């Protein structure tokens, strides 16, 4: 499989997303051309570090870097300011300077936290993303959103901070747990709905999307490349979510509420987004924006990816509606929904009648 490069060009910074099978071994070589300082602190979790830590540290050492590492327990429940404080302590211990680099080796949680620590340590040091989950590769590692959760809401504390490089090695997905692979497919399907109808059709041509056993690596690399390009297209036009970028939150409005209400432990991010997309599709149908046939096509893809299409019966619909108002995307007291109008096209809507939301939530509840 050959490698590909997607350039990201923003007003104040430009960098590359490199998608390269077995690229981890070339990481040090790729970073030497960026004129970084000599010190690199690798942030990872124990399981990922056990698989890939040695390869990454050897590659960085061969590139002439002085390398340190710090491990954070896996999971959304550790995405807190307390964990960020631990990273600061390690940065201080190793005397990281403004020319130094924080490197995220892991999934979206590791990337978000490492980016936020990099944005705030010494008012901003270099940051490199090496995502190891599908969700991290196609979504969390691109676009510069960094942050941590607040007990009452997801990603309420954060900053926009762009990396110097994103290196994606699709081969590492072989060690990704199947549930996490499926979580990443939720974001891939999202890009098909909001931006790239050809990607949506390509996904429909696959019999199953629920594991690497059912999709060959070449196809996975193509899906990753198209998804990354979709996000870059959007972020390049609207880096800090002044308008267009909000469409990337398709499925996330209700999705984040579900994650928050289940304590970030029962349902993972991709599963919550999948349910959120189902809800958004049904809301759009009720408002006359989308055809029933299209929402069925979307649901079929979500099922093909082994993702949920309904809400657990123990979740209170009214609490979900109340939780929507704590979302950081609320504007002038109005909840912003991203609703589909065609395959590959969505609209931003702020005037959804509450009874429509409540009705849809009851419809998709798993009785």
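Residue 284 passes all but one of (1) at pLDDT 95 or above; (2) in contact with a helix residue (DSSP H, G or I) (Cβ under 9 Å, 6 or more places away or on another chain); (3) in a loop (DSSP other than H, G, I, E, B); which number fails?
(3)
Counting just the residues of segment 16-45 that are out of contact with any helix residue (DSSP H, G or I) (no Cβ under 9 Å at 6 or more places or on another chain) and crowded, with 19+ Cβ neighbours inside 10 Å, which one comes out nearest to residue 221 (Cα to Cα)?
Filtering segment 16-45 for residues that are out of contact with any helix residue (DSSP H, G or I) (no Cβ under 9 Å at 6 or more places or on another chain) and crowded, with 19+ Cβ neighbours inside 10 Å, the one nearest to residue 221 (Cα to Cα) comes out as 36.
Please find, within segment 325-356, the residue that is modelled with the highest pLDDT out of those that are in contact with a helix residue (DSSP H, G or I) (Cβ under 8 Å, 6 or more places away or on another chain) and within 22 Å of residue 263 (Cα to Cα).
If we take residues in segment 325-356 being in contact with a helix residue (DSSP H, G or I) (Cβ under 8 Å, 6 or more places away or on another chain) and within 22 Å of residue 263 (Cα to Cα), then 335 is modelled with the highest pLDDT.
Conditions: (1) touching a residue at least 12 places away in the same chain (Cβ under 8 Å); (2) in the same structural domain as residue 258 (by TED's automatic domain parsing); (3) loosely packed, with under 15 Cβ neighbours inside 10 Å. Residue 242 meets all but one. Number of the miss?
All conditions are met except number (1).
Count, please, the residues in segment 113-131 that happen to be in contact with a helix residue (DSSP H, G or I) (Cβ under 8 Å, 6 or more places away or on another chain), surrounded by 24 or more Cβ atoms within 10 Å (Cβ to Cβ) and part of a helix (DSSP H, G or I).
Going through segment 113-131 one residue at a time, the tally reaches 4.
Count, please, the residues in segment 268-290 that happen to be without any contact (Cβ under 8 Å) to a residue 24 or more places away in the chain and more than 15 Å from the chain's Cα centre (by Cα).
2
Cβ-Cβ under 8 Å, sequence separation 6+ or interchain: first residue in segment 65-94 and on the phi > 0 side of the Ramachandran plot, partner surrounded by fewer than 17 Cβ atoms within 10 Å (Cβ to Cβ). Which pairs?
Qualifying pairs under 8 Å: 75/265.
Only one residue in 341, 260 is touching a strand residue (DSSP E or B) at 6+ places or on another chain (Cβ under 8 Å), surrounded by fewer than 20 Cβ atoms within 10 Å (Cβ to Cβ) and either assigned by TED's automatic domain parsing to the domain that holds residue 155 or touching a residue at least 12 places away in the same chain (Cβ under 8 Å) (or both), so which one is that?
Answer to the selection: 341.
Within segment 315-324, identify whether any single residue is outside any helix (DSSP H, G or I), modelled with pLDDT under 95 and over 23 Å from residue 202 (Cβ atoms), and answer yes or no.
yes
With respect to residue 270, determine if the residue is at positive phi and surrounded by 24 or more Cβ atoms within 10 Å (Cβ to Cβ).
no
The values are calculated or read from the model by the stated rules, or taken from the named source; none is laboratory data. Please read these numbers as outputs of a predicted model, since none were measured by experiment. Cβ coordinates were reconstructed from backbone atoms using ideal geometry, including for glycine residues, and neighbour counts include every protein chain displayed.
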